[in-house]
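Notes for the one structure printed next.
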Amino acid sequence: MSRLDDIPSSPGKFKIDKSSYFNRLRFQSSPIKFAFISFFLLCLISLLFLRSPPSVNSSQSDPSRRSLRTFTYGGPAWEKRIRASARTRTSSNGMTVLVTGAAGFVGTHVSSALKRRGDGVIGLDNFNDYYDPSLKRARQALLERSGVFIVEGDINDVELLRKLFKIVSFTHVMHLAAQAGVRYAMENPSSYVHSNIAGLVNLLEVCKAANPQPAIVWASSSSVYGLNTKVPFSEKDRTDQPASLYAATKKAGEEIAHTYNHIYGLSLTGLRFFTVYGPWGRPDMAYFFFTKDILKGKSISIFESPNHGTVARDFTYIDDIVKGCLGALDTAEKSTGTGGKKRGPAQLRVFNLGNTSPVPVSDLVSILERQLKVKAKKNVIKMPRNGDVPFTHANISLAQRELGYKPTTDLQTGLKKFVRWYLSYYSGGKKAAAR
Ligand SMILES: O=C(O)[C@H]1O[C@H](OP(=O)(O)OP(=O)(O)OC[C@H]2O[C@@H](n3ccc(=O)[nH]c3=O)[C@H](O)[C@@H]2O)[C@H](O)[C@@H](O)[C@@H]1O
């Protein structure tokens, strides 16, 4: 029984009055009818508009829950900054590199190293808030002082990418923009698909259509080895058992790279980074937030594998990674296609960039304790089912042979540099870290 039927007095009359009123509206007054329908449609459109994802220059959408922002670009002053930043110092054989994710940890260091040696560099970054964007802004300011301009935009923005390729004839793309982090993939899976798969495809689409096509070097990850137990991890080992969605998207990226190399003749080099750390690092990584928490007197969780086994990582210092990136750019052959058509076989490579000496996480904590001169409040727990793997260990002989890659910084030395930077960046040490 509907609630209307509960009305005790004259329900018929009530109903008759109501229907005759609507009958009058429907059949006798077309202007009122028109106004009523228009108002209804307007409300519906507004509702749909408000519910749809925000547009970025109206050519892209961002399903990530974090990056709800729009970008503005264009104009003669903007183009002038791009041209200035892209200028090479050594006019003969300098590269012109588009660095995506330039305000990120590795992106900042690579951009700065390229600029220092005279290459032309244009950065691209969407400045999302996966971690404190003010750190990204500080890195941007650092790069600006050395003459690197970062364009604010997303790799999914096809119009922006086309525009950049129209203004600058990039010889290389160093693709570092990605949704990083292993554990966050369980919280926000779509951001990984958006950046690491859709974004990569979008970028490769623009690269394949460019004339000339650039050579592309991009960041894969040690996480592609997943549950592989054969150590040290070699590029020939199986990578078909990813333990996290993050790893799965990086593995997918390697397959996508194969496709674009095969169909369009794009020169592609994937670099499997092994837990990169150092100054200007990522606050979502363990060594970074352990430092912060130790200084704040907060307890930290140290994971252990089943049967009290240690969890270890082949921690790799940022300067060594930068050398590997530059080595990959320097040895990258030209793409063979033009304007979307393949003209011959092109280079396709994958390299491990690790340190070759895994260190237990508990040792990492001991080193931090010594350098911070503060005892950590340790909470040893069984590794949660969060996508983490128990250990990583790189075999780097291929990168050594082909890129001249030779890591020289051990964890103790690298962490010392990180801690020095951390304390000076969050000046005031303990006090500032507690902010
Ligand atoms: O090598 C890689 O490819 C990956 O390296 C890191 O991932 P991860 O090695 O897991 O680095 P952290 O998140 O800094 O963790 C380091 C170690 O600390 C452990 N950990 C982490 C968090 C925590 O609370 N406790 C803890 O013991 C982890 O299990 C891991 O063994 C990066 O976060 C990834 O983006 C990157 O792709």
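The values are calculated or read from the model by the stated rules, or taken from the named source; none is laboratory data. None of these values were measured; they are calculated from a predicted model. Quick reminder, even Gly has a Cβ in these numbers, built from the backbone with ideal geometry, and neighbours come from all protein chains shown. Accessible surface areas use protein heavy atoms only, side chains included; no ligands, DNA or RNA. Shrake-Rupley method; radii C 1.70, N 1.55, O 1.52, S 1.80 Å.
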Classify segment 365-407: rounded, prolate or oblate, from the alpha-carbon gyration tensor (a ≥ b ≥ c, eigenvalue square roots; a/c under 1.5 rounded; otherwise prolate if a/b is larger than b/c)?
oblate
Carbon + sulfur, % of accessible area of segment 189-234 - ligands and nucleic acids excluded, 1.4 Å:
66 percent
Scoring only Lys, Arg, Asp and Glu (+1, +1, -1, -1) among other residues with Cβ under 15 Å from the Cβ of Ala312 yields -4
Of the accessible area of segment 84-151, computed with a 1.4 Å probe and all protein chains kept, carbon and sulfur make up a percent value of 48 percent
For segment 351-408, dividing by residue count, accessible area per residue (probe 1.4 Å) in Å² works out to 52 Å²
Listed highest first by mean packing, meaning other Cβ atoms within 10 Å per residue, what order do 136-143, 97-104, 295-302 come in?
97-104, 136-143, 295-302
Ranked output for segments 383-396, 105-118 by mean other Cβ atoms within 10 Å, highest leading, reads 105-118, 383-396
Counting Lys and Arg as +1 and Asp and Glu as -1, each charge on the Cβ, what is the dipole of segment 177-308 about the Cα centre in debye, to the nearest 20?
240 debye
For segment 262-320, what does the relative contact order come out to in percent, with C-alpha contacts under 8 Å and a separation of six or more?
45 percent
Mean accessible area per residue over segment 126-188 (1.4 angstrom probe, all protein chains present, square angstrom) is 38 Å²
Counting only protein heavy atoms and a 1.4 Å probe, tell me what percentage of segment 257-406's accessible area is made up of carbon and sulfur.
53 percent
Please compute the contact order of segment 169-264 in relative form: average sequence separation of alpha-carbon pairs under 8 Å and at least six residues apart, divided by the residue count, as a percent.
35 percent
Sort the following peptides by mean Cβ neighbour count (other Cβ atoms within 10 Å, averaged over residues), highest first: 73-80, 267-274, 237-244.
267-274, 237-244, 73-80
With an 8 Å cut-off on Cα pairs and a minimum separation of 6 or more residues, tell me the relative contact order of segment 353-435 in percent.
41 percent
